[in-house]
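Presented below is the structure to which this report refers.
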Amino acid sequence: IIQGYMHLLSERSTNDSEIAEIINVIANATKRGTGLVQQLLTLARKTQPQLQPTAVDAMLRELLRLLDQTFPKNIEVNLVSNNQLPLINVDLNQMTQALLNICINARDAMPNGGKLTFEAKVVDGQTVADDHETTAARYVCIAITDTGAGMDADTQNRIFEPFFTTKPIGQGTGLGLSVTYGIVKTHDGFVKVDSKPTEGTTFRIYLPAR
């Protein structure tokens, strides 16, 4: 409703720059509020994902097309392609959101530009069993690596907590990575993170292979 009235007001106030600026501020605040509510709903929902067999390489290529259109041009996005991966059972919309949340964090960690690299491979469930309870013989590991500011150990220990953020007030909700963690968990997967200050960050999402 609010967004609808903002649109009507903007059409009627095109000749008044001050009013137009106020409308723009209200519209942006409304969008942020809408995004926050959507993240909260995703975090709170316990519904099972609508799984379907999905090709990892195709899923990542579609995500990269979105990033190419929306991310700053000083961020180079690359995919180490692998067409030989087994299929995974995922809710495509949910998993795309999970990956996108990581990408947004990477973007914000590279305000002066950098590189964002995707790579996927198959790993044996036993090789990751030491750190996590594994239920599959094989996993597809999707690694997302940035060349950004990196994180210290204390930050890494808290990044999946709801509402935890290192961003300035008004620039982050602290929900993105919590949502990612929840989505991956409902897919019987898990997430690892490796990072050091000034040396960038790598998130690895492990999903059971078919």
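The values are calculated or read from the model by the stated rules, or taken from the named source; none is laboratory data. None of the values given here were measured: they were computed from a predicted structure. Cβ: placed from backbone, ideal geometry, glycine included. Neighbour counts: every protein chain shown.
The table below gives the values:
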{"item": "Filtered residue count, the stretch 181-210, keeping only those that are over 16 Å from ILE88 (Cβ atoms) and either part of a helix (DSSP H, G or I) or not assigned by TED's automatic domain parsing to the domain that holds PRO162 (or both)", "result": "2"}
{"item": "So VAL122, is it out of contact with any Asp or Glu (no Cβ under 7 Å at 6 or more places or on another chain) and not in a helix (DSSP H, G or I)", "result": "yes"}
{"item": "Residues of the stretch 158-190 classified as among the hydrophobic types (A, V, I, L, M, F, W, C) and modelled with pLDDT under 70, total", "result": "4"}
{"item": "Condition broken by ALA29, with the remaining ones in (1) at pLDDT below 60; (2) in the same structural domain as ILE144 (by TED's automatic domain parsing) satisfied", "result": "(2)"}
{"item": "Subset of the stretch 93-121 (residues that are at pLDDT 95 or above and hydroxyl-bearing (Ser, Thr, Tyr))", "result": "THR117"}
